[in-house]
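Heads up, the thing below is written out as structure tokens.
The values are calculated or read from the model by the stated rules, or taken from the named source; none is laboratory data. These figures come from a predicted structure and were not determined experimentally. Positions of Cβ are backbone-derived with ideal geometry, glycine not excepted, and every protein chain shown enters the neighbour counts. Heads up: the accessible areas ignore ligands, DNA and RNA and are worked out on the full protein's heavy atoms, side chains in. Shrake-Rupley method; radii C 1.70, N 1.55, O 1.52, S 1.80 Å.
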Amino acid sequence: MILKVVVLFALAAVAEIGGAWMVWQAVREGRPWWWAGIGLIALGVYGFLATLQPDPHFGRILAAYGGVFVAGSLAWGVALDGFRPDRWDILGAGVCLAGVAIIMFAPRVPVS
């Protein structure tokens, strides 16, 4: 199950961050407008991928994904925009990923 959660979060991150980046590129960097259209499709794919997570709780999945988005956005910036994170960016991303792990993988006690 852990592998499935991690893979789905990684795919969702590529779809959402990539889609948002493509819209950014079209609007702010002068790329063709069809880039924005592809970006919007990718954002829709992100929304679908979230539904494939094994946990049934929308709020939990989206809250945890927020931490993945933070770390993934920084990594995307490094890979594609020449961004160089400082130690605070890296520390913050680590804290977010620790939060993801707690939210998604902490043992749950059933409420009776």
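Brief remarks follow.
- Across the stretch 73-91, the number of residues qualifying as among the small types (Gly, Ala, Ser) and surrounded by 16 or more Cβ atoms within 10 Å (Cβ to Cβ) comes to 2.
- For the stretch 43-61, filtered to residues that are of a type in the set (Phe, Trp, Tyr) and open to solvent by 40 Å² or more (accessible area, probe 1.4 Å), the residue that is nearest to Ala93 (Cα to Cα) is Phe58.
- Flag if Arg108 is within 18 Å of Met1 (Cα to Cα) and in a loop (DSSP other than H, G, I, E, B): yes
- Of all residues assigned to the stretch 14-30, at least one qualifies as being within 16 Å of the chain's Cα centre (by Cα), of a type outside the set (D, E, K, R), open to solvent by 60 Å² or more (accessible area, probe 1.4 Å) and closer than 17 Å to Tyr65 by Cα.
- Residue in the stretch 33-42 that is under 16 Å from Gly72 (Cβ atoms), assigned to a helix (DSSP H, G or I) and open to solvent by less than 80 Å² (accessible area, probe 1.4 Å) present: yes
- Any hit, the stretch 62-72, residues being open to solvent by 50 Å² or more (accessible area, probe 1.4 Å), out of contact with any strand residue (DSSP E or B) (no Cβ under 9 Å at 6 or more places or on another chain) and over 26 Å from Val23 (Cβ atoms): no
- Filter pass, Met1 being touching a residue at least 40 places away in the same chain (Cβ under 8 Å) and exposed (fewer than 11 other Cβ atoms within 10 Å of the Cβ): yes
- Single condition Ile103 does not satisfy, out of (1) under 29 Å from Met1 (Cα atoms); (2) over 17 Å from the mean Cα position of the chain (by Cα): (2)
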